Structures are given as C-alpha cells and as structure tokens.
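*Asks:* Here's a structure for you.
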Amino acid sequence: MRQQFLHTAVRVPNGQWLIQHTPDGDVRVLAGPADVVELAAAIQHRIRSTRPEIR
C-alpha cells in the first residue's frame, strides 16, 4: 500500500479483516467495524506525525 503503513488486508466471509503490516509480520485479526476505524485512525495519525509541517 502507499506509504507502506499496511502490507495487506483481506476481508473474510464472517466480516472480520486479516491484516499484515509487513510481508513477514504477524497476521492481526480485526473483529469488526470499530477495529477497522481504530486502525484507520492509527494510520492517519502516523501519516500526519511523519509529514513535515508546512506553514
């Protein structure tokens, strides 16, 4: 994925998501929508904290 914050994300039939941050990293299970939102917020925070301040 862009910015290399997430290697892969796969939705399984029961509604869970399997994600992996790096190709050789552990697989994490996101149980539902709240976990997906939490992950998106964490990625957004990392993007904003690593971006140089423009003023």
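The values are calculated or read from the model by the stated rules, or taken from the named source; none is laboratory data. In this text, all values refer to a predicted model and were calculated from it rather than measured experimentally. For neighbour counting, all protein chains shown are included, and Cβ atoms are generated from backbone atoms with ideal geometry for every residue, glycine included. All accessible areas refer to the heavy atoms of the entire protein, side chains included, with ligands and DNA or RNA removed. Shrake-Rupley method; radii C 1.70, N 1.55, O 1.52, S 1.80 Å.
*Asks:* Here's a check for you: in the range 22-55, which residue that is touching a helix residue (DSSP H, G or I) at 6+ places or on another chain (Cβ under 9 Å) and at pLDDT below 90 is nearest to Phe5 (Cα to Cα)?
*Replies:* Here the residue is Ile43.
*Asks:* Any residue in the range 1-14 that is open to solvent by 70 Å² or more (accessible area, probe 1.4 Å) sitting within a Cβ distance under 9 Å of a residue that is at pLDDT below 85 and of a type in the set (Ser, Thr, Tyr)? List the pairs, counting only those 6 or more apart or interchain.
*Replies:* Gln3/Thr50
*Asks:* If I filter the range 19-39 down to residues being aliphatic (A, V, I, L, M) and free of Cβ contacts under 8 Å to residues at least 12 places away in the same chain, which single residue comes out as least open to solvent (accessible area, probe 1.4 Å)?
*Replies:* Ala34
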